[in-house]
Ligand SMILES: [Zn+2]
């Protein structure tokens, strides 16, 4: 996961913009009447998110005189729609990261409702609840609701884990070589954070995603490693891999690329020709 600052868009203003072009006057009046509920829910959300207490946010099906289905439509038709009045806010959040904040690998092609709109309709267009994500992560998280502080999904606006090293890997000898990824929490992490990171890693199948990327990376450098090994030997291969690790880690400490190169470099078998396809 990569963390970024929360959107600075105001929840009440965003909601007001979204409902500004609702044609049905009676519906528009009912929607406008709950603007304060939207503002209050957003402020409460931020307070709780800062303390990993989002599991305490109440699940309320209907807000004032507005149904869950009507609030879901405010998002789908009046915020996510191409020419919708809320599209400017949607695009601002969408464009706040090029890569999915959850897997950090695939491109952004959706906004993920951190607390799903089906269960928390009052948060359907609340900016701090909308996270730029890929469709695979969005789908994997679909409608998941936190039950306790221990199983609350990591939140890219409120949890920050990228400064600590937590992703590690190991080369599995075989043809071709494979990197297995795992979560290994630093010693100073609380058990609760470790559990949440493990759930994040498992729930989004990040191990498989990163192993596939590592396999492709190996394909792209195999020719170069073969040449280095033939002319300069095993230690030169290791030095090349360590240089690549350092550069990749400086860019993204827990990125699959940094961990891949470190795993390659740490394996004697790999450095001494294990990178070869046969
Ligand atoms: Zn993703």
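Read the figures in this text as sums done on the coordinates, not as results from a lab. Since the model is a prediction, treat every value here as computed from it, not as a measurement. Positions of Cβ are backbone-derived with ideal geometry, glycine not excepted, and every protein chain shown enters the neighbour counts.
Odds and ends about this structure:
- Label-point separation, residue 221 to residue 3 (7 Å along Cα→Cβ), nm: 2.9 nm
- Structure-based [θ]222 nm, the chain - -39500 (n - 2.57) summed over DSSP H runs of at least 4, per residue, nearest 500: -14500 deg cm²/dmol
- Rounded to the nearest 10 degrees, the inclination of helix 234-251 to the longest alpha-carbon principal axis of the chain is 20 degrees.
- Placing dummy labels 7 Å off each Cα toward the beta-carbon, the span from residue 246 to residue 95 is 3.8 nm.
- Whole-angstrom gap from segment 161-183 to segment 57-105, using each part's C-alpha centre: 35 Å
- Cα gyration tensor category, rounded, prolate or oblate, for segment 167-274 with a/c compared to 1.5: prolate
- Gaussian network model of the chain, Cα within-10 Å springs - most flexible of 39, 180, 30: 30
- Whole-Å distance, taken between Cα centres, linking segment 1-37 and segment 207-223: 43 Å
- Spin-label model, residue 150/residue 47: points 7 Å from Cα along the beta carbon direction are separated by 2.7 nm.
- Three-way shape call for segment 110-246 based on the alpha-carbon gyration tensor, with the a/c threshold at 1.5: prolate
- Calculation over all alpha carbon pairs of segment 11-141 in 5 angstrom steps from 0 returns a P(r) of 2, 11, 20, 24, 21, 14, 6, 2, 0 percent.
- Shape of segment 227-269, Cα gyration tensor, a/c cut at 1.5: prolate
- Taking the DSSP bridge list for the chain and keeping only pairs wholly inside it, about 100 percent are antiparallel.
- GNM on the chain, alpha-carbon springs under 10 angstrom: the most fluctuating residue among 166, 256, 189 is 189.
- With q set to 0.16 Å⁻¹, the log10 of I(q)/I(0) for the chain, from the Debye formula over equal scatterers at the Cα positions, is -1.13.
- Using the Cβ-Cβ distance between residue 88 and residue 35 with R0 set to 30 Å, the FRET efficiency works out to roughly 0.95.
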